[in-house]
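See structure below.
The values are calculated or read from the model by the stated rules, or taken from the named source; none is laboratory data. What you see is a predicted model; the values in this text were computed from it and never measured. When we count neighbours, we look across all protein chains shown, and the Cβ atoms used for this are built from the backbone with ideal geometry, even at glycine.
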Amino acid sequence: MIKSFLFVEQTSLKGKAVFTNKNIPANTVIEIAPVIVMSAEDRLHLDKTLLHDYIFEWGKQKDKCAMALGLVPMYNHSYTSNCEYFMDFDDDTIMIKTVSDVKKGEELTINYNGDWNDGKRVWFEAE
């Protein structure tokens with residue numbers, strides 16, 4: 001399920017990104033995407049490719065990885081994101097939900113650390 005008011009557009013700084021063409025209130029589920037679950041052995045191979053930046057640690061023990069479908073791979077990172085994601089290990093889905101009001105034309109972001117306001121440095125930033 002992807003809300004029809006979401007769209008992907010190229011940005012000058014961050015590549016592709018997810019935007020909205022209408023105002024969205026806080027606490028709105030905007031996407032529920034299936035994932036492809038892969039083993040720890042698969043992860044070793046994926047970590048050597050560009051897909052490394054698009055997979056999620058998966059499972060209660062984080063012993064697997066998953067590639068999300070839908071728009072999930074297109075949400076850019078922000079330390080103060082306007083959305084958060086929830087992993088459902090039983091249904092093999094990821095849900096994206098707004099944590100604040102989002103205005104028409106605004107980019108929708110998630111925090112790659114998991115919590116929408118987690119300030120821990122992410123792997124792709126230089127020290």
**OP:** Answer yes if at least one residue in segment 37-44 is among the hydroxyl-bearing types (Ser, Thr, Tyr) and more than 11 Å from the chain's Cα centre (by Cα), and no otherwise.
**Re:** yes
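What are the residues in segment 25-38 that are under 22 Å from residue 67 (Cβ atoms) and either in contact (Cβ under 8 Å) with a residue 60 or more places away in the chain or loosely packed, with under 12 Cβ neighbours inside 10 Å (or both), if any? It would help to see each step written out before you state the result.
Here is the first cut: in segment 25-38, the ones under 22 Å from residue 67 (Cβ atoms) are 29-38.
Of everything in segment 25-38, those that are under 22 Å from residue 67 (Cβ atoms) and either in contact (Cβ under 8 Å) with a residue 60 or more places away in the chain or loosely packed, with under 12 Cβ neighbours inside 10 Å (or both) turn out to be 29, 30, 31, 32, 33.
Provide a single number: the residues in segment 65-93 that are surrounded by 13 or more Cβ atoms within 10 Å (Cβ to Cβ) and assigned to a strand (DSSP E or B).
The number of residues fulfilling the criteria is 11.
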Subject >> Which listed residue is in contact (Cβ under 8 Å) with a residue 40 or more places away in the chain, out of contact with any Gly (no Cβ under 6 Å at 6 or more places or on another chain) and not in a strand (DSSP E or B), from 16, 22, 62 >> reply: 22
Original post:
So residue 96 clears everything in (1) loosely packed, with under 13 Cβ neighbours inside 10 Å; (2) assigned to a strand (DSSP E or B) except one condition, right? Which one?
Top reply: (1)
**OP:** Check residue 94 against each of (1) more than 15 Å from the chain's Cα centre (by Cα); (2) at pLDDT 95 or above; (3) of a type in the set (A, V, I, L, M, F, W, C) and name the one condition it does not meet.
**Re:** (1)
